[in-house]
Amino acid sequence: MKETQVVDSTLREETAEKVVFDDLQLVNTLFGVHSENLRRIARAIGVRISAKGNAATIRGDTLDVALSKRVLNDLYGLLKKGYPLFPNDINYAIRMISDDQSVCLEDIFLDTVYISSRKRVITPKSLAQKRYIDAIRKYDLVIGIGPAGTGKTYLAMAMAVASLMKQEVERIVLTRPAVEAGEKLGFLPGTMYEKVNPYLRPLYDALHDMMDFDRASRLIEKGVIEVAPLAFMRGRTLNDSFVILDEAQNTGPEQMKMFLTRLGFSSKAVITGDITQVDLPDNKVSGLIEIQSILKGIEGIEFVYFTDRDVVRHPLVQDIIKAYERADERRQRLKQQTSHEKG
């Protein structure tokens with residue numbers, strides 16, 4: 001069923017299309033309780049969607065209707081394959097299809113990385129996340145660079161735990177710089193463990209999201225999983241290990257070189273960081289920024305870049321990142337203008 005009419009002075013073509021699905025039970029899941037999923041799609045794309053039985057009628061701009069129809073059909077295909085559809089998946093699907101019409105949602109959403117202790121299926125949620133996962137599978141050293149909330153550390157952790165469970169590696173080593181914003185550990189109160197633990201807390205949180213607390217604790221006690229500040233990596237060779245360096249933008253060149261040369265036989269390393277959030281003193285170069293030119297083109301090393309489009313946290317996080325980017329651009333323009341006036 002198709003109706004076409006021309007509306008308003010811009011002569012924009014408006015279309016109405018009816019989409020019919022063959023499984024009423026899956027349709028109820030697709031449409032959502034009280035058609036909430038349909039409303040979510042309509043709001044995000046800017047169309048009107050009405051539902052009756054196992055059919056949905058979409059009205060709006062021709063291109064928007066086509067996008068909505070594609071989203072519904074692709075999500076229905078995922079449901080038929082047994083994928084448990086979550087509300088945020090709808091936003092991710094719209095974003096990916098809008099960015100790349102050739103994308104296959106099944107290749108992304110059905111690529112199970114790991115199933116957590118809470119039976120949560122961990123899969124990529126964006127094109128960049130899919131490239132990241134594929135890179136970790138293929139390369140021994142992967143560097144993921146991008147803003148917070150893009151899943152860099154979380155997915156690396158899921159891949160590490162999956163590798164351990166499949167006995168592809170003998171241990172997991174999780175590390176991050178324990179000195180940020182010029183703060184020295186010696187000036188902090190407490191024992192060495194108490195000093196470094198706040199810096200490592202995010203790694204513990206991600207780990208405990210993958211497996212239950214008791215199991216993770218036992219593996220940590222046995223040394224199968226090690227969570228330690230980067231300084232503790234010096235002088236070691238890490239064989240048969242899956243190593244993750246988090247917050248790598250806060251490493252200096254010497255620290256980064258030290259970490260890179262720890263990698264032993266049958267090991268993988270993933271380095272993650274956000275080069276826009278460097279907490280080092282102004283006169284110190286970030287090791288993460290530096291290795292982009294040093295390691296470029298070396299076989300066996302892959303860089304994967306994320307943008308605000310890949311943020312998979314609360315939708316507001318994406319808007320917050322964009323707002324900060326605009327603020328940074330304004331400051332840079334003002335700085336350049338002031339410098340020009342002084343010159």
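Would you grab the residues whose amide H sits under 5 Å from the one on Ala269? Only those 5+ places off in sequence or on another chain, please, with H modelled 1.01 Å from N.
Residues meeting the amide H criterion: Leu141, Val142, Val243.
Which residues' amide hydrogens lie under 5 Å from the amide hydrogen of Val113, considering only partners 5 or more residues apart or on another chain, with H built in the peptide plane?
Ile122, Thr123
Quick one: if the Förster radius is 45 Å, what FRET efficiency do Ser217 and Val285 give, using the C-beta to C-beta distance and rounding to 0.05?
Given R0 = 45 Å and the Cβ-Cβ separation, E is 0.75.
If one takes the longest principal axis of the Cα atoms in the chain, at what angle in degrees, from 0 to 90 and to the nearest 10, does the Cα axis of helix 62-80 lie?
70
Report the residues of the stretch 151-181 in range of a label on Tyr305: point 7 Å along Cα→C-beta, backbone N strictly under 18 Å from it.
151-152
First compute the accessible area of the chain with a 1.4 Å probe, then give the percent of it belonging to carbon and sulfur atoms.
Carbon and sulfur: 51 percent of the exposed surface of the chain.
Calculated from DSSP H runs of 4 or more alone, at -39500 (n - 2.57) each and per residue, what is the 222 nm mean residue ellipticity of the chain, nearest 500?
Per the formula, -14000 deg cm²/dmol.
With N set to the residue count of the stretch 132-172, report its C-alpha Rg divided by 2.2 N^0.38 Å to two decimal places.
Here the answer is 1.18, to two decimals.
Could you tell me how many cubic angstrom of Cα convex hull volume the chain has per residue?
192
Report the dimensions of the stretch 228-343 along its three principal axes from the alpha-carbon atoms, largest first, rounded to Å.
Extents along the principal axes, in whole Å: 55, 39, 29.
Residues with amide H under 5 Å of Leu280's amide H, sequence separation 5 or more or different chain, H placed in the peptide plane at 1.01 Å from N; which?
Ala181
Any idea what angle helix 152-165 forms with the longest principal axis of the chain, computed on alpha-carbon atoms, 0 to 90 degrees, nearest 10?
Tilt relative to the chain: about 80 degrees.
What number, in percent, do you get for the relative contact order of the chain if the mean sequence gap of Cα pairs under 8 Å and at least 6 apart is divided by its residue count?
Relative contact order comes out at 16 percent.
The values are calculated or read from the model by the stated rules, or taken from the named source; none is laboratory data. Given the structure is predicted, the values throughout are model-derived calculations rather than measurements. Because the Cβ atoms are built from the backbone with ideal geometry, glycine has one as well, and the counts that use them run over all protein chains shown. All accessible areas refer to the heavy atoms of the entire protein, side chains included, with ligands and DNA or RNA removed. Shrake-Rupley method; radii C 1.70, N 1.55, O 1.52, S 1.80 Å.
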